[in-house]
Amino acid sequence: EDKVVQSPLSLVVHEGDTVTLNCSYEVTNFRSLLWYKQEKKAPTFLFMLTSSGIEKKSGRLSSILDKKELFSILNITATQTGDSAVYLCADSGAGSYQLTFGKGTKLSVIP
Amino acid sequence: DTGVSQDPRHKITKRGQNVTFRCDPISEHNRLYWYRQTLGQGPEFLTYFQNEAQLEKSRLLSDRFSAERPKGSFSTLEIQRTEQGDSAMYLCASSLGLAGGRDEQFFGPGTRLTVL
């Protein structure tokens, strides 16, 4: 059964800190892993990862995938209060285009 | 705004009533998805369309739920005889329909349903 587990479920940090969010997954015939940011609205796409070891970067955010160990991490450096959100991880497997999401990590960045 | 749009944004209804939601995907996107999200959980897949064909349905989609995409553009999700357990955010997403897994899904703002 497809399963995505994120940790921690919640995290409180101070502005300027660096955070690492974790996502482990189990899916038959892995196709891709995606990260989304969700504030009080719809999830906003961040990254899609399909190959191990290739780091995706966008400003202060970066993500990497380990297909052997079945996990991904999302790093945020120099956090800002605007980074406060729920970060969702999702995977998809061959033969289906549905995404299976984890419960998310709620990140709170305090000044 | 050329993103995914959904209507209405909020719906309050009484148990037993029927409700219908609409989703307009990004114009060139062939695939359209419906998800449901409850508090503290990630979105759960309900169904998806490739153009007008409904290709996959989740076991979560009971007989009271029906979705259509008649012309391969906008989609509707109808819930008949609503129950309090149907209260959730209903999210629509769309994607280009690329092969090989590199097919990002972009989400709309959602319709929040409250069943009294």
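Mind listing just one residue for me: the one in segment A:3-22 that is surrounded by fewer than 17 Cβ atoms within 10 Å (Cβ to Cβ) and within 12 Å of another protein chain (Cβ to nearest Cβ) and, of those, nearest to residue A:108 (Cα to Cα)? Applying the filter and picking the extreme gives A:10.
Residues that are charged (D, E, K, R) and assigned to a strand (DSSP E or B) were ranked within segment A:66-111; the one that is surrounded by the most Cβ atoms within 10 Å (Cβ to Cβ) is A:91.
All of B:98, B:91, B:46 fail the test of being part of a loop (DSSP other than H, G, I, E, B) and within 12 Å of chain A (Cβ to nearest Cβ), apart from B:98. The set of residues in segment B:66-88 being part of a loop (DSSP other than H, G, I, E, B), surrounded by 20 or more Cβ atoms within 10 Å (Cβ to Cβ) and of a type outside the set (Ser, Thr, Tyr) consists of B:69 alone. Quick check on segment A:51-64. Is at least one of its residues of a type in the set (Val, Ile, Thr) and farther than 18 Å from residue A:18 by Cα? Yes.
Restricting attention to segment A:91-111, the residues that are at pLDDT below 95 and either within 18 Å of residue A:9 (Cα to Cα) or hydroxyl-bearing (Ser, Thr, Tyr) (or both) add up to 5.
If you check A:87, A:97 for being more than 9 Å from chain B (Cβ to nearest Cβ) and within 22 Å of residue B:43 (Cα to Cα), only one passes: A:87.
If I ask for residues that are within 12 Å of chain B (Cβ to nearest Cβ) and assigned to a loop (DSSP other than H, G, I, E, B), which ones from segment A:45-59 would you list? Scanning segment A:45-59 gives A:50, A:51. Every condition in (1) modelled with pLDDT of 90 or more; (2) over 20 Å from residue A:103 (Cβ atoms) is met by residue A:29 except one, and the failing one is (1). Looking at segment B:5-29, which of its residues are of a type in the set (D, E, K, R) and within 15 Å of the chain's Cα centre (by Cα)? Matches in segment B:5-29: B:7, B:9, B:11, B:22, B:24. Which residues, counting only those in segment A:23-44, are assigned to a strand (DSSP E or B) and either crowded, with 16+ Cβ neighbours inside 10 Å or touching a Pro at 6+ places or on another chain (Cβ under 8 Å) (or both)? Residues satisfying the conditions are A:23, A:24, A:25, A:30, A:31, A:32, A:33, A:34, A:35, A:36, A:37, A:38.
The values are calculated or read from the model by the stated rules, or taken from the named source; none is laboratory data. Because the structure is a prediction, the values reported are computed rather than measured. Because the Cβ atoms are built from the backbone with ideal geometry, glycine has one as well, and the counts that use them run over all protein chains shown.
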